[in-house]
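Here's the structure we're looking at; comments come further down.
The values are calculated or read from the model by the stated rules, or taken from the named source; none is laboratory data. Source: prediction; values computed, not measured. Quick reminder, even Gly has a Cβ in these numbers, built from the backbone with ideal geometry, and neighbours come from all protein chains shown.
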Amino acid sequence: MRFLSVVALFLITGVAFAEDKKLTGTFGKKAEGFDLKLGFPKKDMVQITMDNGTEGCVLDAKFTTDKDGTIKCEVTKFEKKGGFPVSKDVGYKFSFKIDVKGKTAKVTEFTGDGIDDAAKNVLEGNYDKAGD
């Protein structure tokens, strides 16, 4: 159950990518039996999906980028699938940094209520560009 909570925190945080260029496309990785995807359907929005076939969630968040590259997010919608153990209310805030190079994005410095070291280990790291 702790694993699901950690993975859920990933979605709760509403990951987004930040750099001076417009963020586009979808990036993904596998973690703890879940497929994680970060998509950028609009210039200031990220959609995060987490799915293991029977459980998961979809999180939408709006974001802004600070001058130092920190991405500041605020949840606008959260939907659970199956018995997914975590949910976040509209308005939940978190931040992180991301470095996109070619077809890889490296996520670092996740902060927000409920994001402990175990959650950071799932959320942070390298994501690969998915075919869009």
(message) For region 50-65, which positions are under 10 Å from Gly82 (Cα atoms) and in contact with a Ser or Thr (Cβ under 8 Å, 6 or more places away or on another chain)?
(response) Gly56, Cys57
(request) Specify the residue that is surrounded by the fewest Cβ atoms within 10 Å (Cβ to Cβ); the eligible residues are those in region 62-78 that are at pLDDT below 90 and under 15 Å from Glu109 (Cα atoms). (result) Asp68
(message) Can you confirm whether Phe84 is part of a strand (DSSP E or B), surrounded by 13 or more Cβ atoms within 10 Å (Cβ to Cβ) and in contact (Cβ under 8 Å) with a residue 40 or more places away in the chain?
(response) no
(request) For residues that are part of a loop (DSSP other than H, G, I, E, B) and more than 27 Å from Lys67 (Cβ to Cβ), tally how many sit in region 91-132. (result) 4
(request) Considering (1) modelled with pLDDT under 90; (2) more than 15 Å from the chain's Cα centre (by Cα), say which one Lys81 fails and leave the rest. (result) (1)
